[in-house]
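The structure appears right after this line, and notes come after that.
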Amino acid sequence: MISELLIQKMHDATQVLVLTGAGISAESGLATFRDPDGHWDQYRPEDLANEGAFRRNPRLVQGWYHARRKAVLSALPNPGHRALGALAGLFREFTLVTQNVDRLHQRSGSDRVIELHGNIQQFHCIECGLDAPEAVFAEIASGQVACCQICGNLVRPAVVWFGESLPKEALDAAWQAATRAEVVLSVGTSGLVYPAAHLPLVAKRAGAFIAEVNIAPSALASEMDLVLIGKAGDILPTLLDALKNRKKADRT
Ligand code: BV8
Ligand code: ZN
């Protein structure tokens, strides 16, 4: 059952922003970071997702990202991704901001996606930036440390590591949209990583109604106007249907 308040707020809104985290891809079979059996279970973020760890142990970190990249490439978008793609068509301005690096939003048909933390599909040279050829993945899979063919430096995934700044363009676009949004939905994120976790709060300060969809209250739950507990793959399609029915009722 979706909250009537949320349906009303979204029915009346013309500008909506959705922020997603690893939880929306959980139903595609991709591990999250902080859930039980998540990525951080056997390692800590500081052990892997930062440049220092990478330079100290490139084989471990390249291997971890390669394994995650393989899982991403064989994963499929789920009903949660698809519902967001369809929701976009119901609003004059719909901004989809993701912390995820799996590009499942794009593969489910969402065309304009703001990726705050980059993407895991591309690898490039840590020094000269040259895009790594496909062959680099076979090298990593065979346990070698993959290096740039031109300058010999290490090859890294195109993700944003801890301690690295987010892409300025993405951050600015997300912030702009947050200050204009009338409703923000935060979906499948623990709300622990900054500056992404600031986004719903920026919108709230600018007057937005902010709600979260999560299987458990996130670190931002106390700030939310509404917390919907449940799976993104269940709640988002139900919300989409409720909004479409409301719009249909308007026309009768
Ligand atoms: C920055 C890409 C400026 C890589 C990621 C000290 C030094 C330096 C920085 C800091 C510092 N202290 C704090 C910081 C800031 C730091 C930070 O926030 N740290 C945290 C941990 C305290 N942030 C940064 O460093 C950022 N850069 O600040 O630059 C700067 C520069 C220099 C010096 C200082 C500052 C960069 C942050 C980006 C890091 N990169 N990922 C990779 O993928 O490996 S972060 C990583 O966490 C992922 O991107 C992920 O998206 C993100 C957030 O996690 P979630 O998506 O929320 O996933 P999580 O597993 O946590 O939660 C899943 C949720 O889903 C849960 O709530 C669960 O209940 C829910 N769920 C599960 N199943 C479902 C579901 N919900 C619905 N349906 C389901 N079915
Ligand atoms: Zn190079």
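The values are calculated or read from the model by the stated rules, or taken from the named source; none is laboratory data. All values reported here derive from a predicted model rather than from experimental measurement. Cβ atoms come from the backbone with ideal geometry, glycine included; neighbour counts cover every protein chain shown. The area values use the complete protein model at the heavy-atom level, side chains included, leaving out ligands, DNA and RNA. Shrake-Rupley method; radii C 1.70, N 1.55, O 1.52, S 1.80 Å.
Some notes on this structure:
- All aspartates and glutamates inside 17 Å of Lys244 as judged from Cα atoms, apart from same-chain residues fewer than 8 positions distant: Glu4, Asp12, Glu93, Asp234
- Taking 19 Å as the straight-line reach from the Cα of Lys231, none of the lysines fall in range once those fewer than 8 positions away in the same chain are excluded.
- Between helix 58-74 and the chain there is an angle of about 40 degrees, using the helix long axis and the longest principal axis of the Cα atoms.
- Rounded, prolate or oblate (a/c below 1.5 giving rounded, otherwise prolate when a/b exceeds b/c) for the chain by Cα gyration tensor: prolate
- Cβ-based net charge around Val155, under 14 Å, with every Lys or Arg adding one and every Asp or Glu removing one: -1
- For the chain, carbon and sulfur atoms together expose 52% of the accessible surface, with a 1.4 angstrom probe and every protein chain in place.
- DSSP finds beta bridges in the chain, and of those with both partners inside it, around 20 percent are antiparallel.
- Accessible area per residue for the stretch 137-252 is 48 Å², calculated with a 1.4 Å probe on protein heavy atoms, without ligands, DNA or RNA.
- In the structure shown, the pairs Lys70/Lys168; Lys70/Lys204; Lys168/Lys204; Lys9/Lys70; Lys204/Lys247 are assessed against 30 Å; a Cα-Cα span above that value is assigned to Lys70/Lys204; Lys9/Lys70.
- Nearest-ten-degree value, helix 232-251 long axis tilted from longest Cα axis of the chain: 40 degrees
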